[in-house]
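Input: a single structure, listed below in structure tokens.
What follows is calculated from the coordinates using simple rules that are stated; it is not laboratory data. In this text the structure is predicted, and so the values were computed from the model without any measurement. When we count neighbours, we look across all protein chains shown, and the Cβ atoms used for this are built from the backbone with ideal geometry, even at glycine.
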Amino acid sequence: MSSFPRQPPQRCLLQHSPVVATGYEEKGTYEELGGYKTYTTGPDSAEKGIVVIYDIFGYFPQTIQGADILATSDKQKYRVFIPDWFKGTPADISWYPPQTDEQKEKLGAWFGKNGFNEAAPKVPGYVEALKQKYPNIKSWGILGFCWGGKVTTLVTSSGSHPFQAAATAHPAFLDPADAPKIDVPICVLASQDESADDVTKFDEGLKVDKHIETFGDQIHGWMAARSNLKDERVAEEYKRGYETVLKFLASTFD
């Protein structure tokens, strides 16, 4: 496990945002930004923004709640944006993990139409559109879940992007070859389902400030759509995951 670049504030970041297990009510709104339907949350006056790249299941209550936590829980307020990259056609959560031939076929076909290599180059242009609408935002971070984690590492290793910090949770297709090219501080929160060897090699390859941690009793997806917040332990680690991201951003943006 790698430490934050500087010691983060030791406060309970989520004391005003209890995790809701069922029936979560969104705090934000949807608007069209950069050609994409976008969930936006947080104060318009915020000077720091976070782009969240969701997992393959798109807009889920657990992911939306996480965005609201990021926007409202810390002393530092953020404006958070979740663009609908899939334009209303996410993967069906019943396909995962794929067990039948039909599920495997459907999931494979979906990935064939929604490649992260195609999505990653679109992210900087999307942020340019956000800057036009929210010129008061001076610093930008990116957080990706699963599929979005790969998009995040591709963007921040591309050599040209608008972000000052990055974070990923249960990142899919974590490639140690991407690590040396990442040029901003990054937080990586792995689950029990990611390759421990890949996580270690990714950590070793990074040349930037970092925080690498494995939540060893959590499944792939515990901070997004696959999170079972009715389970007390999952809810606890879901909360701690977002708290960790907020502390990392505070140590980076301060």
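Taking other C-beta atoms within 10 Å as the exposure proxy, Phe145, Phe81, Phe57 rank Phe57, Phe81, Phe145 from fewest upward. Charges were assigned to the Cβ only: +1 to each Lys and Arg, -1 to each Asp and Glu. The resulting dipole of segment 51-189 about its Cα centre is roughly 580 debye. Across segment 202-233, the residues whose backbone nitrogen lies under 20 Å from the label position 7 Å along the beta-carbon direction of Ser94 are 225-228. Counted residue by residue at 0.36 nm each, then reduced by the alpha carbon distance between them, the extension gain from Thr200 to Lys122 reaches 25.2 nm. Peptide packing: for 106-113, 61-68, the average count of neighbouring Cβ atoms within 10 Å per residue gives the ranking 61-68, 106-113, highest mean first. Taking every DSSP bridge with both residues inside the chain, close to 25 percent are antiparallel. Which of the three applies to segment 126-238, rounded, prolate or oblate, going by the alpha-carbon gyration tensor with a ≥ b ≥ c and a/c under 1.5 meaning rounded? Since a/c reaches 1.5 but b/c is at least a/b, the shape of segment 126-238 is classed as oblate. Does the chain classify as rounded, prolate or oblate by the C-alpha gyration tensor (a ≥ b ≥ c root eigenvalues; a/c under 1.5 gives rounded; else a/b over b/c gives prolate, otherwise oblate)? In terms of gyration-tensor shape, rounded.
Annotation: lysines with alpha-carbon distance below 24 angstrom to Lys75 (same-chain offsets under eight excluded): Lys27, Lys48, Lys131, Lys133, Lys138, Lys210, Lys239, Lys247.
Annotation for segment 20-75 versus segment 202-244: alpha-carbon center distance of 18 Å.
A simple spin-label model places the labels of Glu232 and Asp101 4.5 nm from each other, with each point 7 Å out along Cα-to-Cβ.
Among rounded, prolate and oblate, which fits segment 31-171 when a ≥ b ≥ c are the square roots of the eigenvalues of its C-alpha gyration tensor, a/c under 1.5 means rounded, and a/b larger than b/c means prolate? It comes out prolate by the Cα gyration axes.
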